[in-house]
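Engineer: Structure in structure tokens, see below.
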Amino acid sequence: PRTIYLKDYTPFPWVIDGVDLTFALAPRGTRVTSRIRFRPDPDAPPGPFFLHGEDLRLIEARIDGQPVTPTVTPEGLTCDVPTGPFTWEAVVENDPELNTRLEGLYLSKGMYCTQCEAEGFRRITYYPDRPDVMAVFTVRIESDLPVLLSNGNPEESGPGFATWHDPWPKPAYLFALVAGDLVALHDSFTTRSGRHVDLGLWVRPGDEGKCAWGMESLKASMRWDEEAYGREYDLDVFNIVAVDDFNMGAMENKGLNIFNSSAILASPDTATDADYERVERIVAHEYFHNWTGNRITCRDWFQLSLKEGLTVFRDQQFTGDMRGHGVKRIGDAVLLRGRQFREDNGPLAHPVRPESFVEINNFYTVTIYEKGAEVIGMLKRLVGDDGYRRALDLYFDRHDGQAATVEDWLKVFEDATGRDLAQFKLWYSQAGTPRVKVEESWEDGRYRLDMTQTIPPTPGQPDKQPMVIPVALGLLNPNGDEVLPTTVLELTGGQQSFTFDNLSARPVPSILRGFSAPVILERDAPEGEAAFLLAHDTDQFNRWEAAQTLARRAIRARLDGQAIDASWVPSLAAALRDDALAPADRAALLGLPSEEETAQALWDDKRIPDPTAIHHAHEAVRDHLAQGLRDLLPQLHDGGRMPGPYSPDAKSVGRRSLGNAALRLLSRTDDGVRAAAQFAEAADMTQSVAALGALLAVGRGEEQLRAFHDRWAQDRLVLDKWFSLQVGLARPEAAVALAQRLTQHPDFDWKNPNRFRAVLGALASNPAGFHDASGAGYRLLADWLIRLDGANPLSAARMSTAFDSWRRLDVDRQALIQSELGRIQAAPGLSRDLSEMVGRMIG
Ligand code: DPP
Ligand code: ZN
């Protein structure tokens, strides 16, 4: 397979003046007729006429009406073409029914559906399938199915056909087509300049009752983008379709978003609070792409974070506005530390803007998305809210209708704010999580912080330069008053000192407030500081962080066979009793760092993390907490019970999350009595899943698990929960055997990505189970990856990241994983996707 490099970018030599596509749909032999008007691009150097195309049958091709015979390869075709403008016509066939990759045009339970990002359009017809080629599409769909949808606005329709026209030029990756026996929830939205937009949420019959929340989220997103960014919607219709077989969460196709049903369908009895939040967030994310991604797209796939990092940042702001910025920030930090830091510190580390790839699908990563969003958050902190707004206005003004680059993005910030971003740009090119070491001194009323930054080597990047790191700092008096409100220090050198004068007493620092940069802070905090900050910090994030620090110490103590600090539980209890803190914030205080985070921290300390020992230490600390908080937990749990019908509003969610966090601990000391009662009474899925999870986590719940299955056997999304809960919470020694058994279950449909993930993904997220010293977890996953790769390489490659932490394990586990990776690599017919991932992991 060929490696593609950023430095090799060359523009496409032609401009497209219009694309007409006709689809005659059939499970086998769908006919796609294309008519594309090309004109030489006066600004681009000339080059060969190459159209991408994969797994297509070319029936005929014409140029200006004359038959031609192109040279066809597995990747596309070349053809001699006139020197001036010309019209290309082709008829091709493909087989949606046989398409198990879920890229291009495929069938999902009788419904035709497409997924083109990143390079799926080339499986539909021959085309310059690259994001910098933007064109206006007109699409005719011929089929007897009742609902025929594509991008843009509807034009004509009649029995057996429909035509759509999208007036906005777009790259092929935003193309979409849906045909099926679907029903819709209809609504409308009037934009602030008065455009009437028809909204439709299309689902299979039977799912009508699960559409309301997705629709509400859509309208909230449309309003928010007008208010927060001044961005209006720009077509007469906006359609969302739910599909069961889908590789990702959702896709932002122009005017026709396609969603994994798990990311759009919700009803109180089948979806949890977390599901509701996820639907709201993903609807917003895809909608926001209309401006950041669609109107302004990416010049090439190396710029992927230009749209993804920015759109994640925007959806984070939105969710913060909807549900509270404190909890949102904490959730984002947990995700970043648990997943992105791991990626950034392992063999798959890559910069926010990679320099090369073999298969672009392998770069839809937490680094591109979440670290990319962090980079934008830092930029905003550095230029301020006004500067950010001016820069974004300029970005939309200057680049609307274009395929842009990271350079274009940074330039609008430089032009709008006058700030030089040359050093800041390193965040896009240097991989790895920076470590910031902080030391402090106090002398004659002067307080000094000495900061040192180091960025560890990553694959292909042995040496790093210092970056711009915004460190938000506050200082507190020993009595708990804030003497320095949040101030952003700019750490730009390898070593730098910051001094603070005129302080009457040695202050207590609150460093990296709001998690102001995606870095690891290294600091030997004095005894008692974390408890002090937990009690007094005005910064919600750092208050939580203080609780995390205490929990980390407790876990470490357990791991090292030492006693847990006796002041931990009382200081946590005091915070939990503080009614000034919202229930959601108190729930967050009860969360322990993940086992993954503990493993990473041990590795940072040059110790070899043992997943089994880590799990037992976490369990012991939970028991300790449950004992220590015994008197408080019942009332916290009671506070989460709410009369009346379910509502997903932030306040109710917060109360339930505190109640259920308490329940999880309570179940360790009450033989599962409360959880069993909650399960029996639960009127909604949140309470039901929380109770079941609490039981499973303490080795109970067999009977409830059976009842849950029987009740929900017909609901595929709830059934996914049934699979994943039991595997994710299984005892380490039982997890692999359970996952194995569930792969034999009649409801295990391995070709459905959600179901595959519900079992094998859940196993990978149960570290002690997956890393069982026998290697059985590794073997099971490798077997399934090899099998899945034959059908759906994209999903197989994504799931293979479960192995990416292998280098930090003990030699025995290393050898076991190496041998499984070797076995995958040797599998006949391995995909480009999976072979790139395995190759990078083996290194
Ligand atoms: N659909 C994916 C997302 O929105 C890829 N663009 O992030
Ligand atoms: Zn996105």
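No value in this document is a laboratory result; all are computed from the given coordinates. Remember, it's a predicted structure, so these values are computed and weren't measured experimentally. FYI the Cβ positions are ideal-geometry reconstructions off the backbone, even for glycines, and counts take in every protein chain you see.
Engineer: If I take every Cα pair under 8 Å that is 6 or more residues apart in segment 1-137, average their sequence separation and divide by the length, what percent do I get for the relative contact order?
Structural biologist: 28 percent
Engineer: Now a separate question. How large is Rg/Rh for the chain, to two decimals, with Cα atoms and a Kirkwood Rh?
Structural biologist: Across the chain, the Cα-based Rg/Rh ratio is 0.96.
Engineer: Counting other beta carbons within 10 Å of each Cβ, put SER805, SER504, SER571, SER150 in order, fewest first.
Structural biologist: Sorted ascending by nearby Cβ count, the order is SER504, SER571, SER805, SER150.
Engineer: Of VAL91, VAL243, how do they rank once you tally other Cβ atoms within 10 Å and put the fewest first?
Structural biologist: By the 10 Å Cβ count, ascending: VAL91, VAL243.
Engineer: Tell me the GluC sites (Glu not before Pro) within segment 221-263 that lie in a loop according to DSSP and have at most 16 other beta-carbon atoms within 10 Å.
Structural biologist: Those that pass, being in a loop and sparsely packed, are GLU232.
Engineer: What is the angle, in °, between the Cα long axis of helix 212-229 and the longest principal axis of the Cα atoms in the chain? Nearest 10 is fine, range 0 to 90.
Structural biologist: Tilt of helix 212-229: around 90 degrees.
Engineer: Right, here's the next one. Hey, got the dipole for segment 444-559? About the Cα centre, +1 on K and R Cβ, -1 on D and E Cβ, debye to the nearest 20?
Structural biologist: 400 debye
Engineer: Also, quick follow-up: Could you tell me the distance between the Cα centroids of segment 268-294 and segment 481-544, to the nearest Å?
Structural biologist: 34 Å
Engineer: What percent antiparallel are the DSSP beta bridges of segment 4-181, to the nearest 5?
Structural biologist: 90 percent
Engineer: Taking the chain as the reference, fit the longest principal axis to its C-alpha atoms, fit the long axis of helix 372-399 to the helix C-alpha atoms, and give the angle between the two in degrees, 0 to 90, nearest 10.
Structural biologist: 30 degrees
Engineer: Evaluate 2.2 N^0.38 Å with N set to the residue count of segment 4-181, then give the Cα radius of gyration divided by it.
Structural biologist: This ratio for segment 4-181 stands at 1.00.
Engineer: Which of TRP427, TRP750 has the fewest other C-beta atoms within 10 Å, and how do the rest follow up to the most?
Structural biologist: Ascending number of Cβ neighbours within 10 Å: TRP750, TRP427.
Engineer: Still on this structure: Can you give the angle from 0 to 90° between the axis of helix 540-559 and the longest principal axis of the chain, with both taken from C-alpha atoms, to the nearest 10?
Structural biologist: 70 degrees
Engineer: Are there trypsin sites (Lys or Arg not before Pro) in segment 4-109 that DSSP puts in a loop and that have at most 16 other Cβ atoms within 10 Å, and which ones?
Structural biologist: ARG28, LYS109
Engineer: Follow-up question, since we're still on this one. Sticking with the crude label model, points 7 Å out along Cα→Cβ, report the distance from ASN502 to ARG35 in nm, one decimal please.
Structural biologist: Each label point lies 7 Å from its Cα, and together they span 7.6 nm.
Engineer: Right, another one. P(r) of segment 301-379 in 10 Å steps, Cα pairs, percent per bin?
Structural biologist: Histogram of Cα-Cα distances, whole percents per bin: 20, 50, 25, 5.
Engineer: Further question: Separation of segment 102-124 and segment 297-342 by C-alpha centroid, Å?
Structural biologist: Segment 102-124 and segment 297-342 have Cα centres spaced 27 Å from each other.
Engineer: For the chain, what proportion of DSSP beta bridges, expressed in % and rounded to the nearest 5, is antiparallel?
Structural biologist: Percentage antiparallel, nearest 5: 80.
Engineer: In whole angstrom, note down how far apart the Cα centers of segment 714-755 and segment 603-661 are.
Structural biologist: 24 Å
Engineer: Right, something else. Which one, THR272, PHE288, GLN303, projects farthest toward the positive side of the charge dipole computed for segment 219-310 from Cβ point charges (K/R +1, D/E -1)?
Structural biologist: GLN303
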